[in-house]
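Report on one structure; see the data block that follows.
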Amino acid sequence: MTDKEVQKAFEEVYNKFWLNYRGKILPRHSDEWERMNTWAVVLMKKYPFMEQLVAEMIAELGQRMWRREDGR
């Protein structure tokens, strides 16, 4: 793995994926929630070394959604 490959992975995972969804609280089972999860799976397959990070991001976004739905 080259430095450029690592840079590209962080660019896509953090700069595109995380920054796009971090401030959005998506309704559970919405089309956008499904698109986000699909994109996450694609990222995990494209960048296996980022799999745990992407999974943690999805877990955090899920927690934010559930807190909102629970009124917390």
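Here, each number is a calculation from the coordinates, and none is a lab measurement. Keep in mind that what you see is a predicted model, and the values were worked out from it rather than measured. Ideal geometry is used to build each Cβ from the backbone, glycine not excepted, and the neighbour counts take in all protein chains shown.
Before moving on, here are some points about what is shown:
- Positive-end ranking of Gly62, Pro48, Ala9 along the dipole of the chain, with charges on Cβ about the Cα centre, is headed by Gly62.
- Relative contact order of the chain, pairs being alpha-carbon contacts under 8 Å that are 6 or more residues apart, as %: 33
- With the simple spin-label model, which puts each label point 7 Å out from Cα in the Cβ direction, the Phe10 to His29 separation comes to 4.0 nm.
- Helix axis angle, 51-69 relative to the chain longest principal axis, alpha carbon, degrees: 10
- Lysine-lysine proximity count for the range 3-69, Cα under 16 Å, sequence distance 8 or more or distinct chains: 6
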